[in-house]
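Take a look at the structure set out below.
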Amino acid sequence: MALVAGVDTSTQSCKIVIRDAATGVLVRSGRATHPDGTEIHPDHWWTAFQEAAKDAGGLHDIAAIAVGGQQHGMVCLDKDGEIVRPALLWNDTRSAEAADALIAELGDGDVERGRQEWARRCGSVLVASLTITKLRWLRDNEPSNAKRVAAVCLPHDWLSWRIAGHGPKSQGGDGAIDALFTDRSDASGTGYWSPVTNDYDLDLLRLAFGPTAVTPAAAALPRLPRVVGPSDVATKALPGAIVPEGTPIGAGAGDNAAAALGLGLERGDVAVSVGTSGVVSAIASDPLADASGMVNGFADATGAYLPLACTLNGARILAGTAQALGVDLRQLSDLALSTTPGNGGLVLVPYLEGERTPNKPHATGSLHGITLATMTPGHYARAAVEGLLCLLADGMDAIAHLGVPIHRVFLIGGGANSEAVRVTAPLVFGRDVLVPPPGEYVADGAARQAAWILRPGSPAPVWPRAGQETFTGAEAPEIRAHYAEVRDMTWDRPHA
């Protein structure tokens, strides 16, 4: 029995699943936490990976491994493979002004033309999440660090590099930054890779990170990871690596593409993931460019495309409301279900940490429609559930508006464990909702890729999935109508 390992290096933790390559049966698993914050030193990811591997019973018997991970995070290395500064994660919004500046610059001062050009050339209109904006921020705010940058990669790229046996020279590694690799899906979230040409757009990178007369940055553009095909062996483990010498390592994937692979999504399928962020992603045959900025035209982990709308706010909307009400998440769900759809007009627009979809990085949340009748824990709880789902429904509408067919909707992530979320989702989305059993779908997708690279020239292995539930219900249009009224009154301004 050949075993494969799939890794999810996420915002909050590292998870490892070890599965039978032929059947997908879970053999064992492990996990370890990451520190909180939007700025994290990558060494914490390496420590957590080692702890998770130990928790999983070790990696001594695996035949292949691949890594899925949080997208967009800026990991900068110097010529010796040393970390230049802590990584800025996807949810770090300090580069919002840099994003606006880059849009205007590419449009020669015409913002609308700039938005169209960014969408055409990299599939996305820039927001603070994308790596390229963080590089501009680094160039302009930390020029001494910018001068040291010899390579730029993403969280899953860096962890794959370490697993293969590479590392910084100060820790006994070889510092081989030329050995960095990535995949299409994660590269497509950088802002300097094109899902149309399947190549880096170095002119965009030069626009963002090139030297200026006022703020000199690195003399040359940083090295970028080579982009590896989804079923190809990216590299093999070196002697002394944490996995057996010669172990094939897959290209890996961005977390959303890995989750789609783990779910086995097909054309016309949409995944709604309620985790730290909220994500709506679909499988499409052709690349898409949305100049409105609502939808990112990413690549997937199979050679197709993954149009995606991402929110900064996800399951923490529920966690924050539960904390405010002094209840746990199960009690919050019960409270939400104690009231009726539409919630008596009480609406929460949950831009609690700014928002990415729509792009309002400085916005705050709004609670509207408070009356004596709605000033109850149950109404507050339902406002959180309906607000979260309406936020995600806006993303789904944006994808459908681009002509992407939507046949099936899958609800996954920690927030999908809420009965109130599962029951209310069909009312808000206007469609039946499929809820697979709880699982580590990002890690599962990485494991499926690891099994795939053991079968060169063959399709990705098909692993059966049991226990899926279907939730139905008549659409309740008043929920989204009330939400839209309050959403459109929400402004975006820097916090005091």
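Data table
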quantity	calculated
Share antiparallel - DSSP beta bridges, the chain, percent rounded to 5	70 percent
For Leu205, Leu265, Leu389, order by how many other beta-carbon atoms lie within 10 Å, fewest first	Leu205, Leu265, Leu389
Thr33/Arg113 FRET efficiency (R0 45 Å; Cβ-Cβ; nearest 0.05)	0.50
Links that overshoot a 24 Å alpha carbon limit, given the list Lys15/Lys169; Lys169/Lys236; Lys134/Lys360; Lys147/Lys236; Lys15/Lys134; Lys15/Lys236	Lys15/Lys169; Lys147/Lys236; Lys15/Lys134
Simple Cβ-charge dipole of the chain, Lys/Arg +1 and Asp/Glu -1, about Cα centre, in debye nearest 20	520 debye
Helix-derived mean residue ellipticity, 222 nm - over the chain, DSSP H n ≥ 4, -39500 (n - 2.57), to 500	-10000 deg cm²/dmol
Among beta bridges that DSSP assigns inside segment 3-255, antiparallel share in %, nearest 5	65 percent
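Coordinate-derived values only; no laboratory data. Bear in mind the structure is a predicted one, so any value in this text is a computation, not a measurement. As a convention, Cβ positions derive from the backbone with ideal geometry for all residues, glycine included, and neighbour counts pool all protein chains shown.
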